[in-house]
Amino acid sequence: MIALEHVSKRYGDGPTAATALADVSLGVSEGEFLSIMGPSGSGKSTLLNLVAGLDTPDRGRVVIGGQNLAQLSDNARSDLRLREIGFVFQSFNLFPTFTVEENIAWPLEFLGLSWRDARRRAAGAMAQVGLDVKVRGRRPAELSGGEQQRVGIARALVTEPRLLLADEPTGNLDSRTGQAVLDLLRALNEEEELTIVLVTHSSFAADYAHRIVEMRDGRIVDAPALQLSA
């Protein structure tokens, strides 16, 4: 599903340039739940942005589903993100003036779906993440943090992606609510066979994955092989 081959990324120029990633190679299998763990500044969010095609490496290749992102146009990368990749943010990133239903359904506009079909897909995504249909007309400010994150996950799922990227999805939640979100991600992986890459600094969250990759100072310092059950 994902292959990073000798990827490096720097920000800035000259002596003040900062190395975010240094010669990183990593493979993620289809259907895997992978955690990337490390302290702030370790490069884990940069890696996630490169996988999402939101940024480009200075060196190396990023291949998603057999497609080298460097060989795609900006429009083609945007289309790949829309159709194949769902992104879940720590800060939810919901539109404050949109209803829950509108927040979930808006990506479907770019797929050309009618509002009727988009509402049907949004309702299915709400059910998938355990959101009561009664909240569909509410605004984000009327929801709890856990409900907002479930809306964010539903929005990521509504386009039926093959890959879900989650950047510190429990970082703004209390421990109980965060555990519920992690339980949901695990269920999506097990029941829907959704490939998930979770970025976190929490060992508790990381333990939900099949495999934990540890990063420090822009490098992978520990990347055990994926152990498949018989």
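Do any residues in the range 159-178 that are within 14 Å of residue 52 (Cβ to Cβ) have Cβ atoms under 9 Å from those of residues that are part of a loop (DSSP other than H, G, I, E, B) and polar (S, T, N, Q), where the two are at least six apart or on different chains, and which pairs are they?
So the pair list comes out as 166/90; 167/90.
List pairs: first in the range 201-230 and at pLDDT 90 or above and part of a loop (DSSP other than H, G, I, E, B), second buried (at least 18 other Cβ atoms within 10 Å of the Cβ) and charged (D, E, K, R), Cβ under 6 Å, 6+ apart or cross-chain?
Every condition considered, the pairs that remain are 210/32.
For (1) assigned to a strand (DSSP E or B); (2) touching a strand residue (DSSP E or B) at 6+ places or on another chain (Cβ under 7 Å), each residue gets a yes or a no:
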{"position": "23", "(1), (2)": "yes, yes"}
{"position": "45", "(1), (2)": "no, yes"}
{"position": "50", "(1), (2)": "no, yes"}
{"position": "56", "(1), (2)": "no, no"}
{"position": "63", "(1), (2)": "yes, yes"}
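Going by the structure shown, is residue 35 surrounded by 18 or more Cβ atoms within 10 Å (Cβ to Cβ), among the hydroxyl-bearing types (Ser, Thr, Tyr) and either outside any helix (DSSP H, G or I) or touching a His at 6+ places or on another chain (Cβ under 7 Å) (or both)?
So residue 35 fits the description; yes.
Report whether or not residue 162 is surrounded by fewer than 22 Cβ atoms within 10 Å (Cβ to Cβ), of a type in the set (Lys, Arg) and more than 16 Å from the chain's Cα centre (by Cα).
no
If we scan the range 182-189, do we find a residue that is charged (D, E, K, R) and surrounded by 17 or more Cβ atoms within 10 Å (Cβ to Cβ)?
Within the range 182-189, none of the residues are charged (D, E, K, R) and surrounded by 17 or more Cβ atoms within 10 Å (Cβ to Cβ).
Of the residues 69, 48, which single one is surrounded by 14 or more Cβ atoms within 10 Å (Cβ to Cβ) and farther than 20 Å from residue 149 by Cβ?
From the options 69, 48, the qualifying one is 69.
Please find, among 170, 159, 177, the residue that is of a type in the set (S, T, N, Q) and not in a loop (DSSP other than H, G, I, E, B).
Of 170, 159, 177, the one residue that is of a type in the set (S, T, N, Q) and not in a loop (DSSP other than H, G, I, E, B) is 177.
Which one of 87, 95 is surrounded by 15 or more Cβ atoms within 10 Å (Cβ to Cβ), over 14 Å from residue 4 (Cα atoms) and in contact (Cβ under 8 Å) with a residue 40 or more places away in the chain?
None of the others qualify; the one that does is 87.
The values are calculated or read from the model by the stated rules, or taken from the named source; none is laboratory data. Since the structure is predicted, the reported quantities are computational estimates derived from the model, not experimental observations. Cβ sites come from the backbone with ideal geometry, for glycine too, and all protein chains shown count toward neighbours.
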